Every structure is written in C-alpha cells, then in structure tokens.
Amino acid sequence: MQSFGKKYSHLVHGSGCGCFSPSLQAVSRRLETLSRRGFLAGLGAAALSTSLPKNSFAQGAPSKTVFREVRVFDGKSGSLQTGVQVLVENNKIKSIDATNSPAPTDATVVNCRNGVLMPGLIDAHWHTIFAAVPLNVLLADDPGIIFAASTAEAERTLLRGFTTVRDLGGPVFSFKQAVDSGIIPGPRIYPSGAMITTSGGHGDLRLPTEIPRDGGKLSTGELMGAAAIADSIGDLRMRVREQLLQGASQIKIVGSGGVSSPRSPLDMTTFSEEELRAAIAVAQDWNTYVAVHAYTPRAVRRALAAGATCIEHAHLVDEETARMIADKGAWLSMQPFLTLDDAATLSGPALERIQELFAGTPRIYGFAKKYGIKTAWGSDVLFSPELGPRQNFMLTHLSNWYTSAETLQMVTSGNAELMALSSFRNPYPGKLGVIEADAFADLIVVDGNPLDDISLLEDPGKNLSVIMKDGRVHKNTL
Ligand SMILES: [Zn+2]
Ligand SMILES: [Zn+2]
C-alpha cells in the first residue's frame, strides 16, 4: 500500500497554470487532509492502470458508420468538400468516398442533413482533474467527490465537441486509463502528470508548516502528484523520469510565477538554464518534449535558450522575445484570455495579475501572426463547472485574430501537430485532427457551417448533432 500511495500520490495539489483561483492555498490545505486519508489508495486504480485493455469496458462493439448528405471540413482545407460520404470502420476513417457507393449492409447510416462533418476539437492546455472541481466541493472533505466531479466534467468536455485534450498538470494517469478503457466517457488525454517546479515557484503550494522541508520528506501535495518540487538537477531529473515512467506523453515544467500562486509573483523565474537543459535532455532521452510555463520575456528566453519545444502562455513577452520564439521554431501554446468572463472570480493580487494577461493577449497574437510562430490553442479553464462552457468561447475568441478557417485548422490539425511531438510517448499514435482515410474516427457534425459562422461552436448542445470519438457515437440527434 505504501508504494501504491506513493506512486499515485502525485495527483492533486491543484495548481493549474495560469490558473485563476484565489483560494488555492485553502484547496491545498484540504487536499493535504484528503491525502492523509489515503484517498488515492481508495481510487484503486493503480493495480488496474497497467492492465486495462483499451475499450475493455466499452459497451457494444464499434462497427461501421456511413455519414451521408454531409459537407466535410477536413481539418486542413479552407473550404468544404461536398458530394462525398464518409465511411468509418471500427475506430478509424475508412474512406472519403466521392462515388457514394452503397453503404455496407452492416453499416449504420447517419443522414447529416447537409451539416458539416469535421474533426473533433483539440484543447492543447487543459486540466482534466481540476477543470470543474469547484472549491466548495474540494473543501467538502469527501475525496470521492473530486473524481466524481472530474468524471462528470470529462463527459461534458466530450459533449462540447472536444475529443482530445493535452493535460498540462494534474493527477490524470489512472483517469486517462479509465477513459481509454471505456469505464467513463471523455476525451483522449495527453497526460503530463505533475507539473514540475522549484521551491517557491508556481505550483509550490506547501503549507507554512511544511517549510523548511523535513529532510527528504515530500509534502502531501507532491505525494498526491499535481506538483513536484525540485531544487537540484538530480531531483529535477528524477521528477521528470517519474512522470515518464507513469506514462507522461510530455513534460510540464514551471518556468515562472503564475497568476494564482499566492507566493509566486508573475515576474519571478524558477529553474536556471542549466536545470531546464537537464530536464529537456531527460525528456529527449524518452523521445518526447518539454512544455515550459512562462509568462515573461526572461522566463521565455531562458526556456528557449535551454531548448524548450513548447512555451505555455507567454502573455507578457515583448516583440523581440516573440521573434525569438519564431526563430527557434518553438511552439507557442496560447490561451486567449480577454475578460473576467474567462476566469474564475479573482481578488487581490491575482486580479491584478490577470488584468496584465488580458492586456497581453492581443499583443502576443499580433506577434504570433507577424512572425509566423507555430501557435497552438488551449483554454486552461479551471476550478469551476460553470466556467466549463467557456472552453468553447475561448476557442471562438480566436476570431479576433484569425479567420474561421484558420481557427478551425488550429484547433484540429494544428493542435494535432503539437500532440504528435510526443513521438514514441504518443498514447494515440495515428492521424488525429483530420478527416482522411486511416485517421482516428474523432468526428463532430455541426448543424450549419462553422466556416461561415464560428459562433455555432459556442452552443454545442444545440449545434453539434453528432459527436463520435474513436469510432463510438457519444451523441447523435439526427
Ligand atoms: Zn494550466
Ligand atoms: Zn501554466
């Protein structure tokens, strides 16, 4: 039980990223309590996690589906393909058939009424476990409810049209297994596991009573696994390797302060360039990459100098630093926060910090376009079931800077390019984010044309008539 608890104990300690809760300290305290009760041991997933075959709990064998009377946005093109039907066999797209040959006799035919079939949406910055667990639930002292809330949110996320998320911090490894095996509905998850930070860096939510550290003893938050704190290169390498051995598809390193971290102001910087370089080398040894949480020019430049593949946030960078992101060929994973509607209720310093980000958002998108930065989109929605639907509005915020076609390309095939950088650690090797033969059958049908009206995606309950993930239908109102 000891090793189980330890292995899965990096799970909660809530610190997302840009993560906008003013009360993380209180949450942290509560999670400490939960951990003492061994709530992750109660989850009972460790023994299962390496043995659950894919879809072993899914009901009914997936088979053949034909989408007819459909216009196709393939994830890459700027226009729609018409006069075709799309055949899905098991979990893959079998063909885009321009001859419209008769459907196989054993196929389910979906008449799409001239709706637009497109790849499922991909969110490149998500926190599966924390997105919708409200503070009062976290504070309610019932460990099971945390994962119950995450479970409910995973289905809502899928039903908003998101068939894939990249998880940038949280106790998500066994949860991902539960989704993949069909126990619960939810999007594909590219897990990072615990976000790795320094003492005092964003994500260090230790209580005052836990400082100074008692020898080599880990804080409960670290044991639960949302954050891992390292102050030496040796520890840093170990923490990175611990995420990878649990199945991390990429590594999340904290490079600077955050919005909500009470003791980690935005301007502070965490790891040295040498330390970042060491973490990146470990990830490269595992044939994957590091994403660095960084807001300021100094933090971003240091991450780039160390060879980071992906910069998260970067809302506060100047033009020269933005140009460096482009020159290095690094990815920029951006979240278009514009107003307080996009974030949970904030107060005090966190409110001032988020206002800084709002001001930075249009600037960084301007730079991204000017210098041709490889830009991914993510929502980073946290700590609120009410805020969950903002995920779709965060997506349509992109229309401030991009055409509808560019937006839809970014959130499908574009984000899929970033997912593919996980290389040998990619949990879903194959074509994602496109409608092509042999691509994963992650599909949505929009009742209307999102190339003409991107706001259709703001009301997925009304405007998405079909949602299919991995060849399985999760919604069909046709
Ligand atoms: Zn985040
Ligand atoms: Zn972050």
(request) Determine which member of the set L432, L408, L382 is among the hydrophobic types (A, V, I, L, M, F, W, C) and closer than 21 Å to A314 by Cα. (result) L382
(request) List the number of the failed condition for P262; all other conditions in (1) closer than 23 Å to A420 by Cβ; (2) out of contact with any Leu (no Cβ under 6 Å at 6 or more places or on another chain) hold. (result) (1)
(message) Where the second residue is part of a helix (DSSP H, G or I) and the first is assigned by TED's automatic domain parsing to the domain that holds R237 and lies in the stretch 191-216, which pairs have Cβ atoms under 6 Å and are six or more apart or on separate chains?
(response) P191/F173; P191/K176; G193/Q243; I196/R239; L205/L24; L205/S28; L205/G221
(message) Please pick out the residue among V473, V466 that is β-branched (V, I, T) and surrounded by fewer than 19 Cβ atoms within 10 Å (Cβ to Cβ).
(response) V473
(request) Please tell me if T309 is more than 16 Å from ligand 2 (Cβ to nearest atom), among the β-branched types (V, I, T) and under 23 Å from M410 (Cα atoms). (result) no
(request) Go through (1) in the same structural domain as A291 (by TED's automatic domain parsing); (2) part of a loop (DSSP other than H, G, I, E, B) one by one and return the number of the condition P450 breaks. (result) (1)
(message) A194 - would you say it is buried (at least 24 other Cβ atoms within 10 Å of the Cβ), of a type in the set (A, V, I, L, M), more than 16 Å from ligand 1 (Cβ to nearest atom) and at pLDDT 95 or above?
(response) no
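Okay, residues lined up against (1) without any contact (Cβ under 8 Å) to a residue 60 or more places away in the chain; (2) in contact with a Cys (Cβ under 8 Å, 6 or more places away or on another chain); (3) aliphatic (A, V, I, L, M):
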{"residue": "S399", "(1), (2), (3)": "yes, no, no"}
{"residue": "L432", "(1), (2), (3)": "no, no, yes"}
{"residue": "I444", "(1), (2), (3)": "no, no, yes"}
{"residue": "I454", "(1), (2), (3)": "yes, no, yes"}
{"residue": "I467", "(1), (2), (3)": "no, no, yes"}
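Results for (1) at pLDDT 95 or above; (2) part of a loop (DSSP other than H, G, I, E, B); (3) crowded, with 21+ Cβ neighbours inside 10 Å, shown as yes or no for each residue.
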site	(1), (2), (3)
P62	no, yes, no
T65	yes, no, yes
V70	yes, no, yes
T82	yes, no, no
Q85	yes, no, yes
S95	yes, no, no
N100	no, yes, no
A103	no, yes, no
C112	yes, no, yes
(request) For D123, state whether it is of a type in the set (D, E, K, R), within 16 Å of ligand 2 (Cβ to nearest atom) and part of a loop (DSSP other than H, G, I, E, B). (result) no
(message) Taking the condition of being modelled with pLDDT under 95, under 23 Å from the mean Cα position of the chain (by Cα) and not acidic (D, E), how many residues in the stretch 297-352 meet it?
(response) 9
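Being closer than 25 Å to T396 by Cβ, surrounded by 18 or more Cβ atoms within 10 Å (Cβ to Cβ) and polar (S, T, N, Q): is that true of T128 here?
yes
I need the full set of residues from the stretch 368-408 which are of a type in the set (S, T, N, Q), part of a helix (DSSP H, G or I) and closer than 26 Å to I129 by Cβ, in order please. Steps first, please.
First, pick out the residues of the stretch 368-408 that are of a type in the set (S, T, N, Q): 375, 379, 384, 391-392, 396, 399-400, 403-404, 407.
Filter again for part of a helix (DSSP H, G or I), leaving 391-392, 396, 399-400, 404, 407.
Within the stretch 368-408, Q391, N392, T396 meet the criteria.
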(message) I'd like to know if the stretch 429-445 contains one or more residues that are part of a helix (DSSP H, G or I), crowded, with 17+ Cβ neighbours inside 10 Å and at pLDDT 95 or above.
(response) no
(request) Among the residues of the stretch 232-268, count how many are under 29 Å from L351 (Cα atoms) and not polar (S, T, N, Q). (result) 14
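The values are calculated or read from the model by the stated rules, or taken from the named source; none is laboratory data. In this text, all values refer to a predicted model and were calculated from it rather than measured experimentally. Ideal geometry is used to build each Cβ from the backbone, glycine not excepted, and the neighbour counts take in all protein chains shown.
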